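Below is one structure; the comments refer to it alone.
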Amino acid sequence: MSETSPPHATGDEFDPRARIVDRNGNVTPVRRDALVGLDQFIEKWEHNTELPRPMTFSGWQMSDDEHPSGSGKPGYRIVHKTIRTVALPMVSMTYANIQVSLRNGPVTWGEPRFDGALPAREGGSFLLPEWGALKASGDEVKYRWQPNVEMKMEAHQETTPDANYLEILYVLPDGRWEGYEDMVTSGRAGVSTLTMMLDFMFGERLVGPVLTEEVGELFGDWHWNRLIGGRKLAMESQARLDIIDGNTFNARLSAAIERHLGNEEGERNRVRVAAQWYWRAESEQDLVQRYISYWLCVEALELGQNDKLWKVKEALASLLGVEKADVSSAVGRIYGVRNGLVHGDMREVDVERVERVRAVAVALLESHSLGAVTVFTRAGLRWALDQQG
């Protein structure tokens, strides 16, 4: 099987690889001498990767001369559309780090958009798809593909008609905020008690659909600068071309399904529930919620009501061919993080710890659903239970 691709476009005064499109659809070409950084980006571009590499971009909206971008305090904003509920008189309550408003009027919001991209597995991630067709000519089959490398990024902003809404502005705790997702997570945590109380007191008619959820920066007069970013974009054409033997696919999947159907009903239910927690974790951007979801996958597979942690240790030791004592302390550490997060003693968790609990969940899921664990999965499990980790 062979792979073919079309040639690249060329240009003279203007660079054909970039152009600016305003909100009215007007297109402005970009001069070659005004385009900075694209050549360096292309030089570092990797081809034939296992998976496309995600890219991000960021920018600011709502800033002005009195509120220049980057000069405020990191903040979080959420606006709920009330359900036919009006406040008379309108309300604005201000505290040291939070402002709650119940008003009527227009709401301005914004978000990044990627034209033509598909939602990816992880929340907030998108994939620019590649289109192609298999063409047979005699004994030869060719994959004629159309690489889609035109990134259409839009910093979208619009204003709603007059509406009744609940707006919460929250100044994030002091610290160094490096990731968009971290700011969202901290903001949600910071206002969760307030929104819970509002929900219990006034119900869904007040805390209604979310008009916008944003992060950015706040100023002394509570002016809001919106940070556009957070979403990731990857190009499918960057990844290598893989070929799956159709007969092998059929045989392996049929065997897995037959094995699953042959299990007793309780085991099938445990795998189903664990699979749901697995997919919840895979799509979750909040690392705390992701960690807990992976652990619940483990619990669904190994722990019944009032069961002890030794069952998890025994199952993992069996997969690695070691004694239960060899994995006991590592499993205890992973479970200890779970306890800290669930009971509020820990407020955050790092990526490495999430990857460790994920490796445990994947190993147990493979064992229960497929009846075997791959070499790569077993290696990941050894790393996750490394006594030094």
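Can you spot a residue in region 111-129 that is aromatic (F, W, Y), within 30 Å of P52 (Cα to Cα) and part of a strand (DSSP E or B)? Full working, then the answer.
Just the residues of region 111-129 that are aromatic (F, W, Y), to begin with: 114, 126.
Those left that are additionally within 30 Å of P52 (Cα to Cα): 114, 126.
Within this subset, residues satisfying the condition of being part of a strand (DSSP E or B) are 114, 126.
Taking every residue of region 111-129 in turn, at least one turns out to be aromatic (F, W, Y), within 30 Å of P52 (Cα to Cα) and part of a strand (DSSP E or B).
For region 164-184, what are the residues that are closer than 20 Å to W222 by Cα, of a type in the set (D, E, K, R) and in contact (Cβ under 8 Å) with a residue 24 or more places away in the chain?
E167
Any residue that is in contact with a Gly (Cβ under 9 Å, 6 or more places away or on another chain), within 18 Å of I168 (Cα to Cα) and not β-branched (V, I, T) - is there at least one of those in region 231-246?
Among the residues of region 231-246, not one is in contact with a Gly (Cβ under 9 Å, 6 or more places away or on another chain), within 18 Å of I168 (Cα to Cα) and not β-branched (V, I, T), which makes the answer no.
Against the definition (in contact with a Ser or Thr (Cβ under 6 Å, 6 or more places away or on another chain) and either not aliphatic (A, V, I, L, M) or not assigned by TED's automatic domain parsing to the domain that holds Q289 (or both)), how does L194 come out, yes or no?
Answer is no for this residue.
Can you tell me which residue among R272, R252 is outside the structural domain of E150 (by TED's automatic domain parsing), surrounded by fewer than 16 Cβ atoms within 10 Å (Cβ to Cβ), modelled with pLDDT under 95 and among the basic types (K, R)?
When all the criteria are applied, what remains is R252.
Condition check: at pLDDT 95 or above and closer than 23 Å to R259 by Cα. Does A363 satisfy that?
So A363 fits the description; yes.
Limited to region 132-181, what total is found for residues that are outside any strand (DSSP E or B), closer than 27 Å to G208 by Cα and of a type outside the set (S, T, Y)?
Total meeting the criteria: 5.
Can you list the strands (runs of 3 or more DSSP E) found entirely within region 201-257 that contain at least 3 residues being of a type in the set (V, I, T)?
Hits in region 201-257: 210-218.
Taking the stated definitions as given, is Y180 assigned by TED's automatic domain parsing to the domain that holds Q99 and either modelled with pLDDT of 95 or more or among the aliphatic types (A, V, I, L, M) (or both)?
no
For region 108-132, give me the residue count where each residue is within 16 Å of the chain's Cα centre (by Cα) and polar (S, T, N, Q).
Qualifying residue count, region 108-132: 1.
Assess whether R290 counts as being surrounded by fewer than 18 Cβ atoms within 10 Å (Cβ to Cβ), within 28 Å of the chain's Cα centre (by Cα) and among the basic types (K, R).
It is false that R290 is surrounded by fewer than 18 Cβ atoms within 10 Å (Cβ to Cβ), within 28 Å of the chain's Cα centre (by Cα) and among the basic types (K, R).
Among the residues of region 349-382, write down those that are exposed (fewer than 14 other Cβ atoms within 10 Å of the Cβ) and either touching a residue at least 60 places away in the same chain (Cβ under 8 Å) or not assigned by TED's automatic domain parsing to the domain that holds A315 (or both).
D350, V351, G371 - these are the residues of region 349-382 that are exposed (fewer than 14 other Cβ atoms within 10 Å of the Cβ) and either touching a residue at least 60 places away in the same chain (Cβ under 8 Å) or not assigned by TED's automatic domain parsing to the domain that holds A315 (or both).
The values are calculated or read from the model by the stated rules, or taken from the named source; none is laboratory data. On a predicted model such as this, the values are computed, not experimentally measured, just so you know. Reconstructed Cβ throughout: ideal geometry from the backbone, glycine too, with neighbour counts over all protein chains shown.
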